[in-house]
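What follows is calculated from the coordinates using simple rules that are stated; it is not laboratory data. Since the structure is predicted, the reported quantities are computational estimates derived from the model, not experimental observations. When we count neighbours, we look across all protein chains shown, and the Cβ atoms used for this are built from the backbone with ideal geometry, even at glycine.
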Amino acid sequence: LGPSLPAAEARGTVLPPARKGDVWRALVRYRPAAIALIDGVFESEPSVWHHEILDALDAGVRVFGGASMGALRAAELRARGMIGVGRIFEWYRDGRITDDSEVALLHAGAEHGFRPLTVPLVNVRWAAECARRAHVLRPAEGRALVSAAERIFYQERTWPRVLEALAAPARARWERFEVPDLKAEDARETLRAAAQPRSRWPVAPRQPAPSSLVRRARLDSAEIERLRRRSDSRELAEAGLRRALIAGWARECGLRPSPREVRAAELSWRKRLRLRTRAALCVRTGLTEAELLRACEELALEKLALDHAPRMIADGPAADEGLAAEARLRGLWDR
């Protein structure tokens, strides 16, 4: 939440305008049941990624979007389960507006509460429409107002600049008009929708899994840097790669672990880390529940491939051959 609505009007955990990675970080840090995405950056820094929202939906989190960046993302992801709220979302959904610049505006920094300094085009459109309905503006005057706003760069679009398009009589009528703030109205509606008590959606990792590019972007760079400094970092990387390659190969061979096998992999993991619950394992590993289930599926696939090694390739190796080969490699062979 940022320039669309003062933070004081929101309840729950309020975070600044979303940027790339913020939804992922919120999933790990707060474990939310619902997320209301309203404001987001889009030019100064990379915008919130669609993949983050999809990961939240996979994790059973209800994601609502409206008013600004949230409305745009909700229109783009409504078929995947994101819930759009408000008139701006409906305009994007129905194709009445298409450009992300429709909701763009210049605003102050966090120290000033992200106060808006310019007016977004969607607010001008709605104000002109309301003014026509209230007979404050004639249809031609309303169109002129919107056309003038469209020609002004969003960082320079203020009401005084926009109102220069009106003749003096129309401006006089406008002065008596209570100008609506559509983004604020939609932001309030989005917050109300997200605050309604609802059960979480079922956790369901999407298929196919996110690409390597997305998986790498999801990683915590500070944690990766810490791990790289470990003396056994190469060993850890090779073990992880080996598991991922075996699981990927097994999947391409048509193997699919049963729910029972995935559950067994999870229990084994929890036992190894001495954790009693799935929630504790999520916290310890920094994974959402959906990501955890995908990791457990990978563990189960690796076990399936190893258990069926003699049949995975022509003249495949038996378990005793693997035992002997590894013992020799480690200098444990005594004969």
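If the condition is being surrounded by fewer than 24 Cβ atoms within 10 Å (Cβ to Cβ) and assigned to a helix (DSSP H, G or I), then segment 36-54 contributes His50, His51, Leu54.
Conditions (1) assigned to a helix (DSSP H, G or I); (2) exposed (fewer than 13 other Cβ atoms within 10 Å of the Cβ), marked per residue:
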position: Arg260; (1), (2): yes, yes
position: Cys296; (1), (2): yes, no
position: Lys303; (1), (2): yes, no
position: Gly322; (1), (2): yes, yes
position: Ala325; (1), (2): yes, yes
position: Gly331; (1), (2): no, yes
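Among what's in segment 262-294 and is touching a Leu at 6+ places or on another chain (Cβ under 7 Å) and part of a loop (DSSP other than H, G, I, E, B), pick the residue that is surrounded by the fewest Cβ atoms within 10 Å (Cβ to Cβ). Ranking the qualifying residues of segment 262-294, first place goes to Leu275.
When you look at Glu102, is it more than 25 Å from Trp174 (Cα to Cα), assigned to a helix (DSSP H, G or I) and either acidic (Asp, Glu) or over 34 Å from the mean Cα position of the chain (by Cα) (or both), yes or no? When the stated conditions are applied, Glu102 does not pass them. Summed over segment 16-35, residues that are farther than 19 Å from Glu185 by Cα and not in a helix (DSSP H, G or I) total 8.
The set of residues in segment 65-87 being more than 12 Å from the chain's Cα centre (by Cα), in contact (Cβ under 8 Å) with a residue 24 or more places away in the chain and part of a strand (DSSP E or B) consists of Gly66, Ile83, Val85. Among residues of segment 206-223 that are in contact (Cβ under 8 Å) with a residue 40 or more places away in the chain and at positive phi, none has a beta-carbon under 6 Å from a residue that is surrounded by 10 or more Cβ atoms within 10 Å (Cβ to Cβ) and among the β-branched types (Val, Ile, Thr) at least six positions away or on a different chain.
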